[in-house]
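Everything below concerns the one structure shown next.
The values are calculated or read from the model by the stated rules, or taken from the named source; none is laboratory data. Since we're looking at a predicted model, the values are computed, not measured. Please note: Cβ atoms are built from the backbone with ideal geometry, for glycine as well, and neighbour counts cover all protein chains shown.
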Amino acid sequence: MFIPKANRIAVFKYLFSEGVLVVKKDTISATHPQIEGPTNLEVLMLVKSLESKGYVRVTFNWMYNYVYLTAEGIAYLRTYLALPEEVVPATHKKDTKSAAARGRDDDGKFGGGGNPAFRGGGDREYRSRGAGFGRGGRD
């Protein structure tokens with residue numbers, strides 16, 4: 001299928017900038033919802049081509065293709081789009097903020113050591129440890 005170069009570049013730029021792409025398996029749709037220019041069929045065919053070369057990994061679920069860029073795909077798109085080595089997809093960017101800068105403590109996931117009701121204390125002390133299942137105890 002012939003795809004105009006402007007549409008090919010638009011799809012490749014979006015895929016490289018985001019690192020992921022969602023394509024509905026709809027060949028009749030006139031446009032792709034996130035990318036300006038190409039039709040949904042053109043995006044599907046480009047994804048199919050990139051998948052056959054091993055540049056992307058595709059997961060299909062409920063009429064949607066979820067496309068993930070591989071390391072080989074990053075290298076290919078970097079050379080195709082003539083981008084420098086410092087430019088990486090959004091999914092590969094490191095978070096530069098530390099845990100302290102985000103306001104989190106090192107006490108655990110929720111901080112403070114958790115709710116005492118889940119640690120054996122609190123209002124659940126009325127139950128004896130010997131009680132069985134259900135309302136009554138084991139006999």
> Just for segment 49-87: of the residues that are surrounded by 10 or more Cβ atoms within 10 Å (Cβ to Cβ) and among the charged types (D, E, K, R), which one is nearest to Leu21 (Cα to Cα)?
Replying inline: Arg57
> What is the residue count in segment 2-27 for residues that are in contact with a Leu (Cβ under 8 Å, 6 or more places away or on another chain) and farther than 20 Å from His92 by Cβ?
Replying inline: 6
> Using beta carbons and a limit of 6 Å, which pairs, at least six apart or on different chains, have the first residue in segment 59-77 and aliphatic (A, V, I, L, M) and the second one part of a strand (DSSP E or B) and crowded, with 19+ Cβ neighbours inside 10 Å?
Replying inline: Val67/Leu21; Val67/Val56; Leu69/Val56
> How many residues, within segment 85-101, are out of contact with any Lys or Arg (no Cβ under 8 Å at 6 or more places or on another chain), at pLDDT 60 or above and assigned to a loop (DSSP other than H, G, I, E, B)?
Replying inline: 9
